[in-house]
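Notes follow the structure.
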Amino acid sequence: MKRRIALVDVNNFYCSVERVFQPKYNGVPLVVLSNNDGCVVARSSEVKSLGVPMGMPWFQMKDLARQHNIVALSSNYTLYGDMSARCMRVIGQFAPPEDQEVYSIDESFVDFTHQPQLDLTAAGQAIRARVRQWTGLPVCVGAGQTKTLAKLANHIAKKQPEWQSVCDLTSASTETIAAAMASIEVREVWGVGRRIATRLLPMGVHTVADLRDADPRRMREQFGVVLERTVRELNGVACLDLEDMQPKKQIIASRAFGAPVYDQAELAESIREYMARAVRKLRLQGGAAGMVGAWVETNRFREQDAQYSPSATIPLAMPSDDIATLTAAAMQVLRAIYRPGFRYVKSGVMLLDLSDKTMQQGDLFASAMQPINPRRELLLATVDRANNRWGRQTIGLGSSGLQLSPAWAMQRSNLSPAYTTRWAELPVIRH
Ligand SMILES: [Mg+2]
């Protein structure tokens, strides 16, 4: 069966979220800065075209900022996490839960293989229109026979205006696909990156088309199995579990359940499992998370069911890669959002505000970064079990390290309000 995979990706996600609530920033060059207002973690298209790279320290670009009136905002992960959840729910209306894979805070794969009658260009436009109308966010949609091709299609949808933000390579002619691939540099391919691209150039591999036509075995000898699979994926052979391909800015682990779940203990079990997976990825890329999110979902396709699909995020006092700390935070979120009486079909966790573990600020915070302590794990699991069995407040931690970060701990000089998650900060249209 020919697979039909779409990738829906929000354009300049953090900047676009800020613009939803502050339309005056439309058309204005905009950056979002990391915690403590350190480095650029998101750029609007205007800033990208000024040549500002990701990760640039803010103090280094102050002159440029003055010259071009660049607006800098502090990162508001509570807002981004909530807007992401809303956006993903809208996208999820187009396919059953098992066919949607939320891949990152602003990217979702949707497998349309089981809806062969659907015109993917029309479906892509419908997704775009509904996400725009219901959340205010702009997305592009790309579709292909593999995830790598869907990712490439999304790139084309973003960069080539004639596609009007939706590019379906599954129905494009061979010539169209060949022309598109010949016009895109090889480093744009998912998982290739600048370093591999530099090594590919002397081998005559300059464009995506060159890589598609490269000898997979040779690529394997030179670069390893991942690039070999990428070549096969570009040829339409799905063979990648792409999850671990590159360091990510957020990590998400989520899956539809085999059978519906009703009670909190079972949801907690799933979240614990997904968190273990997310932490494995986090540690693989040497990262630490500053914020933890979790969500649960009912099946919106079952109209006879009461619907409830909440999500929330919680900041950590210190970035952490400790499975016990991160799991405890996710459990805290679950306790806050769980309501009994619903037929849940899916849950997920999200690690946000990621930083490089080696870049942490030295010994002062060393205790937050200690490796997994099996005794502590056991302790937390026991606490959870006791609370599940005898009620929530049976055993609590004296100091969990999970208190909301006090205002003085973090410099966020230009932070937007929590428009969507705090009543006191609802956007005001008119006074
Ligand atoms: Mg994006």
Positions within the stretch 107-161 being closer than 23 Å to Thr174 by Cβ, modelled with pLDDT of 95 or more and surrounded by fewer than 15 Cβ atoms within 10 Å (Cβ to Cβ), in sequence order: Asp119, Ala122
Hey, among the residues in the stretch 294-324 that are over 21 Å from the mean Cα position of the chain (by Cα) and either basic (Lys, Arg) or part of a helix (DSSP H, G or I) (or both), which one's surrounded by the fewest Cβ atoms within 10 Å (Cβ to Cβ)? Arg302
Leu200 versus (1) of a type outside the set (D, E, K, R); (2) under 22 Å from Glu162 (Cβ atoms); (3) buried (at least 16 other Cβ atoms within 10 Å of the Cβ): which is the lone unmet condition? (2)
Single residue of Gly124, Gly193 found to be within 24 Å of Gly204 (Cβ to Cβ) and either touching a residue at least 60 places away in the same chain (Cβ under 8 Å) or in contact with a Lys or Arg (Cβ under 9 Å, 6 or more places away or on another chain) (or both): Gly193
Could you tell me whether Arg376 is part of a helix (DSSP H, G or I) and either open to solvent by 60 Å² or more (accessible area, probe 1.4 Å) or at pLDDT 80 or above (or both)? yes
Being open to solvent by less than 20 Å² (accessible area, probe 1.4 Å) and either within 16 Å of the ligand (Cβ to nearest atom) or polar (S, T, N, Q) (or both) is true for just one of Gly92, Gly81. Which residue is that? Gly81
Of all residues in the stretch 103-144, how many are away from the ligand (no atom under 16 Å from the Cβ) and within 21 Å of Ser254 (Cα to Cα)? 4
Cross-chain or 6+ apart pairs with Cβ under 8 Å, the stretch 203-229 first and open to solvent by 70 Å² or more (accessible area, probe 1.4 Å), then of a type in the set (Ser, Thr, Tyr): none
If Ala259 passes every condition in (1) open to solvent by less than 40 Å² (accessible area, probe 1.4 Å); (2) of a type in the set (A, V, I, L, M); (3) modelled with pLDDT under 85 but one, which one does it miss? (1)
Here's a check for you: in the stretch 6-53, which residue that is more than 16 Å from the ligand (Cβ to nearest atom) and aliphatic (A, V, I, L, M) is surrounded by the most Cβ atoms within 10 Å (Cβ to Cβ)? Leu33
Of Leu200, Leu169, the only residue that is free of Cβ contacts under 8 Å to residues at least 24 places away in the same chain and farther than 30 Å from Thr420 by Cα is Leu200
Which of (1) more than 17 Å from the chain's Cα centre (by Cα); (2) away from the ligand (no atom under 15 Å from the Cβ) is the odd one out, the single condition Gln100 does not satisfy? (1)
Tell me, yes or no, whether the stretch 54-64 has at least one residue that is modelled with pLDDT of 95 or more, within 16 Å of the ligand (Cβ to nearest atom) and surrounded by fewer than 24 Cβ atoms within 10 Å (Cβ to Cβ). no
Give, as residue ranges, the helices (runs of 4 or more DSSP H) completely inside the stretch 182-234 that count at least 3 residues that are within 19 Å of Lys147 (Cβ to Cβ), modelled with pLDDT under 95 and of a type in the set (A, V, I, L, M, F, W, C). 225-234
Matching residues in the stretch 172-189 - criterion: being surrounded by fewer than 21 Cβ atoms within 10 Å (Cβ to Cβ) and without any contact (Cβ under 8 Å) to a residue 24 or more places away in the chain: Ala172, Ser173, Thr174, Glu175, Thr176, Ala179, Glu185, Arg187
I'd like to know if the stretch 159-179 contains one or more residues that are within 20 Å of the chain's Cα centre (by Cα), of a type in the set (Lys, Arg) and assigned to a helix (DSSP H, G or I). no
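The values are calculated or read from the model by the stated rules, or taken from the named source; none is laboratory data. None of the values given here were measured: they were computed from a predicted structure. FYI the Cβ positions are ideal-geometry reconstructions off the backbone, even for glycines, and counts take in every protein chain you see. Surface accessibility is based on the protein's heavy atoms, side chains included, excluding ligands, DNA and RNA. Shrake-Rupley method; radii C 1.70, N 1.55, O 1.52, S 1.80 Å.
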